[in-house]
Amino acid sequence: MSAVTSPLVWEHVQPAAARRLLTGAIDAFAERGFQATTTRDIASRAGMSPAALYVHYPSKERLLFEISLYGHRAALDVLRSADTGSSAEDRLRSMIAAFTAWHAEHHTIARVVQYELAALSPEHLAEVAVIRRAISAQIEQVLADGVQDGSFTVDDLPGTTLAVLSLAIDVARWYTPHRGDPAALGTLYADLAHRMVQA
């Protein structure tokens with residue numbers, strides 16, 4: 001079992017059977033995609049019968065929603081916690097370094113969170129979209145602050161925000177532990193993001 005889906009990460013999910021189903025779903029969705037994953041796949045990874053899934057979750061989509069909600073909140077918390085420093089440059093570097101490292105270290109859940117959104121119901125997608133907008137706003141604000149103090153040159157704030165976030169997010173798509181240290185990758189991507197907006 002990976003560190004990303006260890007029971008300790010999901011201690012808030014009770015009872016233990018519900019937690020096992022959730023972590024089994026993360027691994028299955030990351031490996032096979034939401035559409036190709038069956039409830040039997042998820043239950044099997046949890047060491048349970050397919051019928052047991054419905055005792056804890058009304059649907060496969062509900063599992064995806066719980067995973068998406070938790071993952072997006074965790075990613076937003078990482079960004080907010082890293083928004084430190086005395087200058088916009090320091091803040092941007094800190095935020096992108098932390099956000100990139102999180103997507104590498106937690107690549108299994110991040111892959112599900114970032115690339116299976118289309119399978120959410122409209123209501124659940126709307127709830128997750130609020131958090132996604134908050135993530136974008138966090139980066140857009142530091143870019144705007146850098147433009148205001150003259151340290152950044154950004155002609156298109158929303159477009160540049162998307163480009164900077166995409167750098168970090170895409171790490172989840174290809175990252176495996178042998179591809180390097182998450183912290184070192186974070187430092188590299190922070191430097192790349194800073195170069196993109198340097199005045």
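The values are calculated or read from the model by the stated rules, or taken from the named source; none is laboratory data. Treat the numbers as computed from the prediction; the structure is a model and nothing was measured. Don't worry about glycine lacking a Cβ; one is built from the backbone with ideal geometry, like all the others, and counts go over all protein chains shown. Side chains are part of the model used for accessible areas, which takes the heavy atoms of the whole protein and leaves out ligands, DNA and RNA. Shrake-Rupley method; radii C 1.70, N 1.55, O 1.52, S 1.80 Å.
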**Prompt:** Given D77, D90, which one is at pLDDT below 95, assigned to a helix (DSSP H, G or I) and not aromatic (F, W, Y)?
**Reply:** D77
**Asked** Restricting attention to the range 154-199, which residues are hydroxyl-bearing (S, T, Y) and either within 22 Å of D27 (Cβ to Cβ) or loosely packed, with under 14 Cβ neighbours inside 10 Å (or both)?
**Response** S166, Y175, T176
**Item:** Long-range neighbours under 8 Å by Cβ, at least six apart or interchain, first residue touching a residue at least 24 places away in the same chain (Cβ under 8 Å) and within 19 Å of H107 (Cα to Cα) within the range 31-58, second of a type in the set (D, E, K, R) and not in a helix (DSSP H, G or I)
**Value:** G33/E116; F34/E116
**Request:** Give the range 67-77 a look and list any residue that's surrounded by fewer than 20 Cβ atoms within 10 Å (Cβ to Cβ) and not hydroxyl-bearing (S, T, Y), or say none.
**Result:** L69, R73, A74, L76, D77
**Item:** Pairs where the first residue, in the range 160-189, is in contact (Cβ under 8 Å) with a residue 24 or more places away in the chain and of a type outside the set (A, V, I, L, M) and the second is surrounded by fewer than 21 Cβ atoms within 10 Å (Cβ to Cβ) and assigned to a loop (DSSP other than H, G, I, E, B), C-beta under 6 Å, 6+ apart
**Value:** T160/V154
**When residues of the range 1-21 are limited to those that are part of a loop (DSSP other than H, G, I, E, B) and farther than 19 Å from E31 by Cα, the one modelled with the lowest pLDDT** = E11
**Message:** Among (1) modelled with pLDDT under 95; (2) more than 11 Å from the chain's Cα centre (by Cα), there is one condition P122 misses while meeting the rest; what is its number?
**Reply:** (1)
**Item:** Selection within the range 79-126 - at positive phi and open to solvent by less than 30 Å² (accessible area, probe 1.4 Å)
**Value:** none
